[in-house]
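The values are calculated or read from the model by the stated rules, or taken from the named source; none is laboratory data. Given the structure is predicted, the values throughout are model-derived calculations rather than measurements. Note that we place each Cβ from the backbone using ideal geometry, even for glycine, and neighbour counts take in every protein chain shown. The protein model used for the area step is the full one, side chains on, heavy atoms only, and it has no ligands, DNA or RNA in it. Shrake-Rupley method; radii C 1.70, N 1.55, O 1.52, S 1.80 Å.
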Amino acid sequence: MLRNTWMEVNLDDVAFNVRKLKETCGKKIITVIKADAYGCGDKYVATAALEAGTDMFAVSSEDEAFILRNEGFMQPILILGATNPESTSMLIKNNISTAAYSMEWIEKIIEKDCAGLRVHLKVDSGMNRIGFQTKEELKKGFDLLKEHGCIIEGIFTHFSCADTDIDFTNRQYEKFREAVEYLQYPFQWIHCDNSDATAFFKDPLTNACRIGVSLYGINTYDHELHYPVSLKTRVILCKHVSKGDKIGYGATYTAQGDEIIATLPIGYADGFIRANQGRKVYIDGSFCEVTGRVCMDQCMVKLDHEVPFDTEAEIFGAHINIEDMAKELHTIPYEILCLISPRVTRKYIFHGKELKEENARIITSTIS
Ligand SMILES: *Cc1c(COP(=O)(O)O)cnc(C)c1O
C-alpha cells in the first residue's frame, strides 16, 4: 500500500521478547497470534516467534488456523476458542488442535467422525468464560473424547487477573491443579500462564506458557521487553487559523488566537478512534493536541511551529508509549493494536532490514 499512514513492526524486537520470556519461564512457548497477531500480521509475527524458539501457535478460531496453514506454517496450532462441529474433519486433516470446553460441544463433536481430533481440555478455574466448571464433568468429557478416538494432547486454563490479583490467580491455579491431578493422565501440554503470568508465576505442574500481548513489549511485571510497534503518518497540510476559527465536524474546537493547524491522513477508520480528540501526537520534537473531532480518514492537530508537507507524525512509538495512550483512552493496549485497520500500511523490520512484501513471501514459504 502506498498511503502514508503506516504501522511499523520490528520483528527483531518481537523475537527478543519471545526469547526473554522463554528464558524467564523455562517452559515451552505457545505464541498467541489470534486476530492477525493482534493486528500486527500473523505470518510476520509467527516467523519471528519461530526463529526465537516458539513451540506452538495459538489462535482463536478455525478460520485463523487455516490461514496460518495456507501461509505455510506446519507447526502445531491450537484453537483457544470454540470450533464449529462442522469443521471437525478439516481440523483433523490439517492437524490442528482445539479446545474441548463443554459437554454440549463434545456431544456435538462425537456425532461427527472425530477419531484423530487433537484436543486440549479447557478448565474453567474462575473466569467463567469457557471451560469445564467441575472435575467430575471434565472427567466425563475426557472419557467420551477418549472413547471416540480423540487425541487428548493437553489441558489448560486461563487466568483472569494475572495483572492485578495474585491471590485470585493462586486460587485459579489450585483449582486447575486439582483438575489435572484428578485425571491422572500424561498430558503432553499443560498450560495456564498468559503473558503476565509467564513473567512471574512459577509452578511445578505446567510445561508451557501462552504469550500474546508481551510479543509487543507489554507486560505488568517485565519492563525490559522491547516495544516493536509504532503507528505513524505524515503531515499533508499545515495552515494558519485566526482567533475564533472553528476546526472539524461540529465545530467543536475554537482557535484561541493565531494558531498553526496540521492535517494528518489518519482517522477512526484506521483505528484512530474519536476518543483521541484532545490527546497528543508527536511531530518534529513537539507533542501536539488533536483539535476538533477525529474524522473517518483525517484529523487536525495544533502545532507550536510550522512544519513542511510530509513531516512525520507519531501516534504511538518511541515518544508516546502505547500503554500510556491506552490509559488516556480508558482502554488497554490490546484494543489499540487490534483496532488498527487493514488499510493502514504495514512495514516490517527483520534482521535489521526493512522487509519487502516479496521477501516476506519467500521467508514464509521456506518455513514449514
Ligand atoms: C488471548 C489469550 C491469551 C494471550 O493473552 P495475553 O494476555 O495477550 O498474553 C492466552 N490464553 C488465552 C486462552 C487467550 O484467549
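Within segment 47-62, if we keep just the residues that are within 24 Å of PRO333 (Cα to Cα) and without any contact (Cβ under 8 Å) to a residue 40 or more places away in the chain, the residue that is farthest from the chain's Cα centre (by Cα) turns out to be ALA52. A single member of ILE320, ILE283 is more than 16 Å from the ligand (Cβ to nearest atom), open to solvent by less than 80 Å² (accessible area, probe 1.4 Å) and within 24 Å of VAL213 (Cα to Cα), and it is ILE320.
Output yes when any residue across segment 132-151 is free of Cβ contacts under 8 Å to residues at least 60 places away in the same chain, β-branched (Val, Ile, Thr) and in the same structural domain as LYS108 (by TED's automatic domain parsing), and no when none is.
So the first thing to find is which residues in segment 132-151 are free of Cβ contacts under 8 Å to residues at least 60 places away in the same chain, and the list is 132-151.
Of the ones still in play, those that are also β-branched (Val, Ile, Thr) are 134, 151.
Still in the list and also in the same structural domain as LYS108 (by TED's automatic domain parsing): 134, 151.
Among the residues of segment 132-151, at least one is free of Cβ contacts under 8 Å to residues at least 60 places away in the same chain, β-branched (Val, Ile, Thr) and in the same structural domain as LYS108 (by TED's automatic domain parsing), which makes the answer yes.
Annotation: of all residues in segment 192-242 being charged (D, E, K, R) and buried (at least 21 other Cβ atoms within 10 Å of the Cβ), the one that is farthest from the ligand (Cβ to nearest atom) is LYS232. So in segment 82-106, with the set limited to residues that are part of a helix (DSSP H, G or I) and polar (S, T, N, Q), which one is most open to solvent (accessible area, probe 1.4 Å)? The selected residue is SER89.
Counting just the residues of segment 24-38 that are surrounded by fewer than 24 Cβ atoms within 10 Å (Cβ to Cβ) and not in a helix (DSSP H, G or I), which one comes out farthest from the ligand (Cβ to nearest atom)? Among those residues, the one meeting the criterion is GLY26.
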